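Written out below as structure tokens is the structure these notes cover.
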Amino acid sequence: MAFSHAAVMATSFAKRMVCNAQLFELSHEVRLSESQSQLGALVLAANRLPALTRMPTDGFAAGVEKIEVFAVTPEQYARLRPSTAGSPRAWAELVAHEVVHREQVHVLAGDEGAMGPVWFYEWLAVA
């Protein structure tokens, strides 16, 4: 049953991608931060949230807000996530993962709620 649900969601997502193909671009820049706190400030500002809003700190190294991709520098990523940043490609894979999320939101015309459950859109960004 779960597999058929995932197949329906994948089909729905694919149809939206085709319908919104003109929106699918990978040319947007990634806004880099020298620190985790600077990254948090950028994310808060993008969402027009108060500067005192608490942000996650456990491994928080990148994110996508609306259509902007934010990430810490490769050096900062290595300090924040030493267990996953060991490979030379780790930071590039992190950014690629977030760019895929940005494209998911972009293809769905900004409707993040249409992305489906977390496991689904995270799977798409890893696959």
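Working from label points 7 Å from Cα in the Cα-to-Cβ sense, the GLU34 to PHE120 distance is 4.2 nm. Between ALA45 and GLU93, what FRET efficiency comes out of the Förster formula 1/(1 + (r/R0)^6) with R0 = 35 Å and r the beta carbon distance, rounded to 0.05? The value I calculate is 0.85.
Backbone geometry of segment 57-65 corresponds, through the Karplus equation with coefficients 6.51, -1.76 and 1.60 at θ = phi - 60°, to 3J(HN,Hα) couplings of 10, 6, x, 4, 10, 6, x, 10, 10 Hz, x marking Gly and Pro. Taking amide hydrogens as placed 1.01 Å from N in the peptide plane, the amide H of ARG31 sits under 5 Å from those of VAL69, PHE70, ALA71, each at least 5 positions away in sequence or on another chain.
Distance from the C-alpha centroid of segment 33-53 to that of segment 62-127: 17 Å, rounded to the whole angstrom.
No value in this document is a laboratory result; all are computed from the given coordinates. Predicted, not measured: the structure shown is a model, and the values here were computed from it. We place every Cβ from the backbone using ideal geometry, glycine too, and count neighbours over all the protein chains shown.
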